[in-house]
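The values are calculated or read from the model by the stated rules, or taken from the named source; none is laboratory data. Computed from a prediction, not measured in an experiment: that's the story for all the values here. Glycine also receives a Cβ, built like all others from the backbone with ideal geometry; neighbour counts cover every protein chain displayed.
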Amino acid sequence: MNVTILKALLEDARQQVLDNMVFRLMVVLLIVPISFTFLVGFGEERITILFGMWEIDYQTFLETFGGPPMEIGEVGHFFIQGVQEVFINFFGGTVGIIFCVAATAFFVPRMMEKGSADTLFSKPVSRATLLLARYFTGILFVAILAAVLVLGMFLGFWVTSGYSDPGFLWGALTLVYLYSLIHAFSIMVATWTRSSVAAILLSLMLFVISGGIHRTWMGMQWASNQELLTSLRKVESADVSEAEREEQEEAHGVVQVLMTTLEILHYTLPKTTDADVITAMLRRTLSGLGPVLEDHDYDVVVEDHPTGFAPEGASLDAFPEQTALWRADDGGAVRFRVEERPQVESGPSIRRRLRPLQARAAAQDFLDSVDSRTDPDLPARRETVRISGVQAHTVRWQEDLDGVWTDREAVFLTFAEGYYRLEIDLPAATLSEEERDEWREAFLEGITLGSEQFMDPSTWYRRQFDWGSPLAFNAFFSIGSSLAFASLMLALAWLRIRTVDF
């Protein structure tokens, strides 16, 4: 294919897009969300409308609509992120995709009409090239709309609200990726039926069905994680009759068939609902959002670095094999480690046996061991605190470390199968006792344990989904398998168009 043919194909794609009435209509409709971001500003304390013509105080707004209490400094960002979610995920990712599929479904059937086909296929261009040209024309159609929408909203929030989130720009790529999967199926249907109506209806059915199957599979995985299915199986009683037992086994077999079918469909069909999750991952990576430390095995999350401390090396990435470590310029340090709960002997001397270590016992043993290292006038003391609603035991003492009197603290906590230990060193002269207590409370409030048991299926799935996760939750596999489906659809379309006789 020479340069002249390439230019001709590009010109054809441009005309297909710009001459499309639906494209022009959608460009006009995009003015609404973009104008909203320029005309409505979300400042630090209030909402401004029409460049200050009207102003609404956040506190008054929240009280009027019965909203939850929030820090005023966070309200503006909260509103902006909500607007982004509505316009990109709902209008762009759902309604917009439906309109775009309907607008581009006729690209291939029109190409295969008798007069058009005679003209096009007589050119020195292969049928596969013409098919791919129509496919990428549809992608160009959506790419222009997505870029205008996302870039326009980004600039609007930046200019009017002073809010800059470069990760939001990934939303345009997500819309293109999602559309490319559905568009490949639409082209396959169009080549085999030569009907734009069939292409639209079946493509929308695929969009709805694949999303429903993925959400059902996600709920099934969440239920398995919550051990709901396991607990249901344990309900079986020894007094159940043989007939009832056979009926239960038959029902269980039906359930297994349905679950297997669901698994096959999930891994086969494009995972359209993962597009939003992938965008959130990319956005979080680019913007630095999300928790600073997260471990799924022990179900622990640390939302932010302790104030005044910076992580050392790759200690957070190697957690839990390596102790997470933060250091401060004044010599302070925070260490956090977790491991499987040790087994220790406990109980009366006659019937002693191994039991999981308790936080109270670990704290008491540690308290006895530090008495010799503390100032007699400031003896070590043990207290109880709560971390994420779970009772923890803390030992606090003051010690001379390399000539610097340091307030030290060791926090012991057991949760499920995990044994957690948090160590905090703060030079005594750095903060007053009241300031230290406030600092510690703020840091401990950012630690969450056992959060998965309170998550809904969607939130739980987002937490499992990552680039290095197992296959079922692996981002690379989700993208690769979805693109493989799109490639298969294009291959089927090519097989049809190479053999059809015009």
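Selection within the stretch 360-379: residues that are farther than 15 Å from residue 412 by Cα and either surrounded by 11 or more Cβ atoms within 10 Å (Cβ to Cβ) or under 44 Å from the mean Cα position of the chain (by Cα) (or both). The member of this set that is modelled with the highest pLDDT is 379. With respect to (1) free of Cβ contacts under 8 Å to residues at least 60 places away in the same chain; (2) part of a helix (DSSP H, G or I), the lone exception for residue 52 is condition (2).
In the stretch 220-271, the qualifying residues are those that are among the polar types (S, T, N, Q) and modelled with pLDDT under 65, and the one that is surrounded by the most Cβ atoms within 10 Å (Cβ to Cβ) is 248. Among the numbered conditions (1) under 18 Å from residue 460 (Cβ atoms); (2) assigned to a loop (DSSP other than H, G, I, E, B); (3) not charged (D, E, K, R), the only one that residue 308 does not meet is (1). Would you check which residues across the stretch 272-305 are among the charged types (D, E, K, R), surrounded by fewer than 16 Cβ atoms within 10 Å (Cβ to Cβ) and assigned to a helix (DSSP H, G or I) and list them? The answer is 284, and nothing else.
Candidates 351, 327, 337, 284: the one that is out of contact with any Lys or Arg (no Cβ under 9 Å at 6 or more places or on another chain), outside the structural domain of residue 185 (by TED's automatic domain parsing) and at pLDDT 90 or above is 327. Here residue 495 passes the criteria (1) aliphatic (A, V, I, L, M); (2) crowded, with 18+ Cβ neighbours inside 10 Å; (3) within 30 Å of residue 188 (Cβ to Cβ) except the one numbered (2).
Yes/no per residue for (1) within 29 Å of residue 178 (Cβ to Cβ); (2) in a helix (DSSP H, G or I):
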residue: 425; (1), (2): no, no
residue: 429; (1), (2): no, no
residue: 443; (1), (2): no, yes
residue: 448; (1), (2): no, no
residue: 463; (1), (2): yes, yes
residue: 486; (1), (2): yes, yes
residue: 495; (1), (2): yes, yes
residue: 498; (1), (2): yes, yes
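Checking the stretch 7-19 against the condition returns no match, with no residue being assigned by TED's automatic domain parsing to the domain that holds residue 162, outside any helix (DSSP H, G or I) and within 35 Å of the chain's Cα centre (by Cα).
Here residue 404 does not fit the description of being under 43 Å from the mean Cα position of the chain (by Cα) and touching a residue at least 24 places away in the same chain (Cβ under 8 Å).
In the stretch 94-113, of all residues being among the aromatic types (Phe, Trp, Tyr) and part of a helix (DSSP H, G or I), the one that is nearest to residue 134 (Cα to Cα) corresponds to 107. No other residue among 392, 416 is in contact with an Asp or Glu (Cβ under 8 Å, 6 or more places away or on another chain) and either hydrophobic (A, V, I, L, M, F, W, C) or outside the structural domain of residue 321 (by TED's automatic domain parsing) (or both) apart from 416. Would the stretch 308-329 turn up any residue that is of a type in the set (Ser, Thr, Tyr) and exposed (fewer than 14 other Cβ atoms within 10 Å of the Cβ)? The answer is no, given that none of the residues of the stretch 308-329 is of a type in the set (Ser, Thr, Tyr) and exposed (fewer than 14 other Cβ atoms within 10 Å of the Cβ). For the stretch 30-41, the set of residues classified as surrounded by 14 or more Cβ atoms within 10 Å (Cβ to Cβ) and part of a helix (DSSP H, G or I) consists of 33, 34, 36, 37, 38, 39, listed by residue number. Checking each residue in the stretch 403-424 for being surrounded by 19 or more Cβ atoms within 10 Å (Cβ to Cβ), farther than 18 Å from residue 360 by Cβ and not polar (S, T, N, Q) picks out 407, 408, 424. Residues in the stretch 151-169 that are among the hydroxyl-bearing types (Ser, Thr, Tyr) and crowded, with 18+ Cβ neighbours inside 10 Å were compared, and the one that is nearest to residue 280 (Cα to Cα) is 163. Select from the stretch 373-391 the residues that are aliphatic (A, V, I, L, M), part of a strand (DSSP E or B) and in contact with a helix residue (DSSP H, G or I) (Cβ under 6 Å, 6 or more places away or on another chain) and list them in ascending order. Passing the criteria: only 387. Of all residues in the stretch 298-319, those that are without any contact (Cβ under 8 Å) to a residue 12 or more places away in the chain have Cβ atoms under 6 Å from Cβ atoms of residues that are crowded, with 17+ Cβ neighbours inside 10 Å, 6 or more apart or on another chain, in 315/324; 315/325.
Among the criteria (1) surrounded by fewer than 22 Cβ atoms within 10 Å (Cβ to Cβ); (2) in contact (Cβ under 8 Å) with a residue 60 or more places away in the chain; (3) among the hydrophobic types (A, V, I, L, M, F, W, C), the one residue 201 does not fulfil is (2). Based on what the data block shows, is residue 382 without any contact (Cβ under 8 Å) to a residue 60 or more places away in the chain, closer than 19 Å to residue 426 by Cα and touching a His at 6+ places or on another chain (Cβ under 7 Å)? For residue 382, the condition - without any contact (Cβ under 8 Å) to a residue 60 or more places away in the chain, closer than 19 Å to residue 426 by Cα and touching a His at 6+ places or on another chain (Cβ under 7 Å) - is met.
The residue pairs whose first member lies in the stretch 345-363 and is under 15 Å from residue 395 (Cα atoms), whose second member is charged (D, E, K, R) and at pLDDT 65 or above, and whose beta carbons are closer than 6 Å, counting only pairs six or more residues apart or on different chains, are 363/382.
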